[in-house]
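The values are calculated or read from the model by the stated rules, or taken from the named source; none is laboratory data. Nothing here was measured: the structure is a model prediction, and the numbers come from that model. We place every Cβ from the backbone using ideal geometry, glycine too, and count neighbours over all the protein chains shown. Side chains included, ligands, DNA and RNA excluded: accessible areas come from the protein's heavy atoms. Shrake-Rupley method; radii C 1.70, N 1.55, O 1.52, S 1.80 Å.
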Amino acid sequence: MGKLFQAIRSSQIWRSIFRHGYPDTPRNRTLAVLSNTFLHLHPVKVRRSGIRLSYTWCMGGLTFFLFLVETLTGLLLMFYYRPTAEYAYQDIWALREHVPIGIMREMHRWAAHLMVITVWLHMYRVFLTGSYKPPREFNWNVGVILLVLTLLLSFTGYLLPWDQLAVWAITVGSNMARATPFLGHEGPGASLLSFGGLNFIHAGDDARFGLLAGRFVGEGALLRFYVLHCVGLPLIAAALMAIHFWRVRKDGGISGPL
Amino acid sequence: MGELIKDAIDWLFDPIRYFVGSALILGVVFYWRKFFSRNIVIATFFVGFTAFMLWAPSDPDFKKIITKPDNVPIIILITTVIFFTWLAMRQGVINDERAKEGKPSIEGELGKKKVFTWPDLVYTEFICLVLFTAVLIAWSILIEAPIEEPAATARTPNPSKAPWYFLGLQEMLVYFDPWIAGVVLPSFIIVGLMAIPYLDTNPKGNGYYTIEQRPFAILFFWSGFILFWVSFVILGTFLRGPNWSFFGPFEYWDIHKLEPLVNVNLSTYFWVDALGKPLPENALLREAPGIALILGYFFVLPPLLGKTMLRGLVEKMGIARFNVFMQLLLWFGLLPLKMLARWVFNLKYFIGIPEWFFNV
Ligand code: HEM
């Protein structure tokens, strides 16, 4: 056995992938982190205080983990789901009826709920440890955008089952856009944007119309939300997460007393 | 006995008592934090909460709302927010004690030593990952994701609720028109959050838990996050039923429960009740008292405070920071002020110009 492992580890294939020995010496431990695309987002060494669960609550890490779960389960769901008013609801039912021990939809939904909670708690912990103070101001801001994106991801996904719960929750949520100052047709100031009695802002072109691609939550909204949910928002979120993690490292690792 | 407790809880949870009570509890916990950060406190809470959750579902109305699959996260939210608030407070209290004795904070003491990411950090991450995967799979097997009837734009369910994480905004609709509750305040929440690092010039409390070195910041965030966000989400999920009427946790969601609408505009109070005149025709004249009040609130109050009570703050922050901070703070303060005015005076709008959709 030992010999076999030895042979594998000294083969050209193994060594072309891993450029370090077993990580039990300082040198190899450093290399293990530095030569791995994903691990190298970490610094090589971290403060003993920063990695205790009681300090970070592991909430940022969990948020990221849940994002990965969403990506994976979401990808599988996309195989079975067609974003049209005709099929969307049926496809969700079919998932439940025809897939034995199917839990992908469940995992996707519960992980999404959890992710909202963990991202709030992460922000809470970052605030309570004062970790937004210099030099981490910018990363806090990246975080705030990530928070908004997390909520938007959840919100756009809420519509996709195309049942009563979904459609009306999105209706209630998007009704607010009607009242956007100047840009919503029931918002203050909208009536000022008129020319000779002709209103520029009306139900057919205001902020809500842009959001829903229509005057109510219909097929256009479904497609729009689907594309944002599956492609647009995750891409932006992934890019910002890379920046976020890189900045954690560049700002001196997890915060600690100066 | 059981009925009596239920009635008492229903009574206790009406929006005013619920909100004022939560604010009081936060204040008490903050003031007596040394007592509340003891292990026995959190242990008692969890025992009490578990006992309650085992007993309460024997009531059919409570069971109906608590066993909705999408409401499970709210229970998680309640328990985790309370637990982590306690945990942070505990470490803050310990660090504050240590600071008084001239010792460094726990983080300061441990942080002197650095350890390798591999294995120390990577292993912690890995264990978290495995544990959470297990939890997620168990949860997914136990509780099926809901699916209701197919979408029908002609049939409006009652109540229609936004997704739970936006229920704080929907609750604000009780007090404000959508342009404030749904557009202006959320925008200011985002802008306000982003501004925090640039407005908080206190260099202390960076990288360790503390309360005494930044009491205002902590209280501020507690009230924003716990009082006006999380507690609103809970209120919106469990205590708001058909027509967004209020229902106690043990109350049946009766569609015909009507809350009398007796709210009155400030203009009516001013012209009709105080001066005994009819409301003026001209909208601007009619709303002049409210407009003066709001303008004064946003533009006279800050310089006034800056010259008097908050003089020290202006010197510390600089005039630009102070003004941005005040504007954000005053927008935030508009919410509790409006809530109070509604409860005490049945006030509908400070400024009510429905012709222009401009109601404050
Ligand atoms: C999708 C959302 C997010 C992900 C995946 C994420 C992930 C992480 C991770 C893994 C860390 C390392 C330390 C830790 O786990 O606590 C971190 C740190 C940090 N995060 Fe986030 N985060 C997210 C959202 C946010 C939000 C909403 C904020 C604040 C508004 C924020 C602000 C910060 C800051 C300032 C740090 C540095 C903290 C320190 O050095 O102690 N992040 N984030």
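Quote the charge dipole size of chain B about the Cα centre in Debye, to the nearest 20; the model charges only the Cβ of Lys and Arg (+1) and of Asp and Glu (-1).
Details: 30 positive and 29 negative charges, 253 e Å.
My answer is approximately 1220 debye.
The residues of segment B:53-149 present an accessible area of 52 Å² per residue when probed at 1.4 Å with all protein chains retained. Less than 5 angstrom separates the built amide H of A:Lys45 from those of B:Thr117, all sequence-distant by 5 or more or on a different chain.
Could you work out the helix-only [θ] at 222 nm for chain A, with each DSSP H run of four or more residues adding -39,500 (n - 2.57) and the total divided by the number of residues, to the nearest 500 deg cm²/dmol?
Values: 12 runs with 152 residues, N = 258.
Helices in chain A give a 222 nm mean residue ellipticity of -18500 deg cm²/dmol.
Placing +1 on the Cβ of every Lys and Arg and -1 on the Cβ of every Asp and Glu, with no other charges, gives the protein assembly as shown a dipole of roughly 2940 debye about its Cα centre. Listed values for segment A:104-111 are Karplus-derived 3J(HN,Hα) couplings in whole Hz (6.51 cos²θ - 1.76 cosθ + 1.60, θ = phi - 60°), namely 5, 5, 4, 4, 5, 6, 5, 5, and x replaces Gly and Pro. Here B:Lys100 is the anchor, and the aspartates and glutamates within straight C-alpha reach of less than 16 Å, apart from those fewer than 8 places off in the same chain, are B:Glu109, B:Glu212.
Computed from the C-beta positions of B:Met1 and B:Tyr31 and an R0 of 41 Å, the FRET efficiency is 0.75 to the nearest 0.05.
For a paramagnetic label modelled on B:Trp11 (point 7 Å from Cα along Cα→Cβ), amide N atoms under 20 Å away belong, within segment B:62-80, to B:62. The longest part of chain B holding none of the exposed loop GluC sites (Glu not before Pro), meaning those outside H, G, I, E and B in DSSP with at most 10 other Cβ atoms within 10 Å, is B:102-280.
Partner shielding of B:220-227 amounts to 2, given as the average count of beta-carbon atoms from other chains within 10 Å of each residue beta-carbon. Here the sum of -39500 (n - 2.57) over DSSP H runs of 4 or more residues, divided by the residues of chain B, equals -17500 deg cm²/dmol at 222 nm, to the nearest 500. With only Cα atoms counted, the protein assembly as shown has Rg and Dmax values of 26.8, 101 Å. Identify the residues of segment A:139-169 with backbone N under 18 Å of a label point that sits 7 angstrom from the Cα of A:Ile243 along the Cα-to-Cβ direction, or state none. Once the point is set 7 Å along Cα→Cβ of A:Ile243, A:139-153 turn out to lie under 18 Å by backbone N, inside segment A:139-169.
Rounded to the nearest whole Hz, the Karplus-based 3J(HN,Hα) values (6.51 cos²θ - 1.76 cosθ + 1.60, θ = phi - 60°) of segment B:256-265 follow the sequence 8, 5, 10, 9, x, 9, 10, 6, 10, 6, with x at glycine and proline. Helix A:59-78 versus the longest principal axis of chain A: what is the Cα-based angle in degrees, 0 to 90, to the nearest 10? It works out to around 60 degrees.
How much accessible area per residue does segment A:1-153 have, in Å², with a 1.4 Å probe? Write out the running numbers ahead of the final one.
Working: 7730 Å² over 153 residues.
Per residue, segment A:1-153 has 51 Å² of solvent-accessible surface.
Peptide A:27-34 is shielded by partner chain Cβ atoms: per residue, an average of 3 of them sit within 10 Å of its Cβ.
Report the FRET efficiency, 1/(1 + (r/R0)^6), for B:Ile141 and B:Asp254, where r is their Cβ-Cβ distance and R0 is 30 Å, rounded to 0.05. The partial results should precede the final answer.
Values: r = 36 Å, r/R0 = 1.19.
Here the calculated transfer efficiency is 0.25.
A cut-off of 5 Å between modelled amide H atoms, ignoring neighbours fewer than 5 places along the same chain, links B:Val264 with B:Leu347, B:Lys348. The gain in end-to-end length when the B:Arg155 to B:Arg311 segment is fully stretched comes to 50.5 nm, 0.36 nm per residue minus the alpha carbon separation. Put simply, chains B and A cover up around 8700 Å² of each other's accessible surface, both sides summed, when a 1.4 Å probe is used. The amide H of A:Gly189, built 1.01 Å from its N in the peptide plane, has A:Phe182 as neighbours under 5 Å, considering only residues 5 or more places off or on other chains. Ordering A:Ala213, A:Gln164, B:Gly21 by the projection of their Cα atoms onto the charge dipole of the protein assembly as shown, which places +1 on the Cβ of Lys and Arg and -1 on the Cβ of Asp and Glu, puts B:Gly21 at the extreme positive end. For a 30 Å ceiling on Cα separation, which of these pairs sit above it: B:Lys6/B:Lys348; B:Lys68/B:Lys257; B:Lys63/B:Lys338; A:Lys133/B:Lys114; B:Lys34/B:Lys112; B:Lys64/B:Lys257? Going by Cα-Cα distance, B:Lys6/B:Lys348; B:Lys63/B:Lys338 fall outside the 30 Å limit.
Binning the alpha carbon pair distances of segment A:1-117 at 5 angstrom intervals from zero yields the distribution 2, 9, 11, 12, 11, 11, 10, 12, 10, 7, 3, 1, 0, expressed in whole percent. Taking only protein heavy atoms and a 1.4 Å probe, the accessible area of the protein assembly as shown is 70% carbon and sulfur. Under a Gaussian network description of chain B, with springs only between Cα atoms under 10 Å, the residue in B:Asp59, B:Asp273, B:Asp177 that fluctuates furthest is B:Asp273.
Taking a ≥ b ≥ c as the square roots of the eigenvalues of the Cα gyration tensor of segment B:266-359, is the shape rounded (a/c under 1.5), prolate (a/b larger than b/c) or oblate? Prolate shape, in that a/c is at least 1.5 and a/b is the bigger ratio. Taking the Cα centre of segment B:215-360 as the origin and placing charges on Cβ (Lys, Arg +1; Asp, Glu -1), which of B:Asn359, B:Phe238, B:Pro336 is farthest toward the positive end of the dipole? Ranked along the dipole, the leading option is B:Pro336. Sorting A:3-9, A:151-157 by average packing, meaning the other beta carbons within 10 Å per residue, from highest down gives A:151-157, A:3-9.
Looking at chain B, which longest stretch skips every one of the chymotrypsin sites (Phe, Trp or Tyr not before Pro) that is in a DSSP loop with at most 14 other Cβ atoms within 10 Å, leaving the sites themselves out?
Numbers: sites that count: B:Trp32, B:Tyr252.
The longest uninterrupted stretch comes out as B:33-251.
Remark: mean inter-chain Cβ contacts per residue of A:53-65 equal 4, using a 10 Å Cβ-Cβ cutoff to other protein chain atoms.
Can you give the FRET efficiency for B:Leu131 and B:Leu279, using 1/(1 + (r/R0)^6), R0 = 56 Å, r = Cβ-Cβ distance, to the nearest 0.05? Don't skip to the end; give the middle numbers.
Working: r = 64 Å, r/R0 = 1.14.
Calculated value: 0.30.
Listed values for segment A:135-148 are Karplus-derived 3J(HN,Hα) couplings in whole Hz (6.51 cos²θ - 1.76 cosθ + 1.60, θ = phi - 60°), namely x, 9, 4, 5, 5, 4, 5, 4, x, 4, 5, 4, 4, 4, and x replaces Gly and Pro.
Ranked by accessible surface with a 1.4 Å probe, highest first, in what order do B:Lys6, B:Lys63, B:Lys257 come? Don't skip to the answer; put the middle values down first.
Values: B:Lys6 25, B:Lys63 105, B:Lys257 55 Å².
So, going from the largest accessible area down, we get B:Lys63, B:Lys257, B:Lys6.
With the simple spin-label model, which puts each label point 7 Å out from Cα in the Cβ direction, the B:Glu97 to A:Phe18 separation comes to 4.6 nm.
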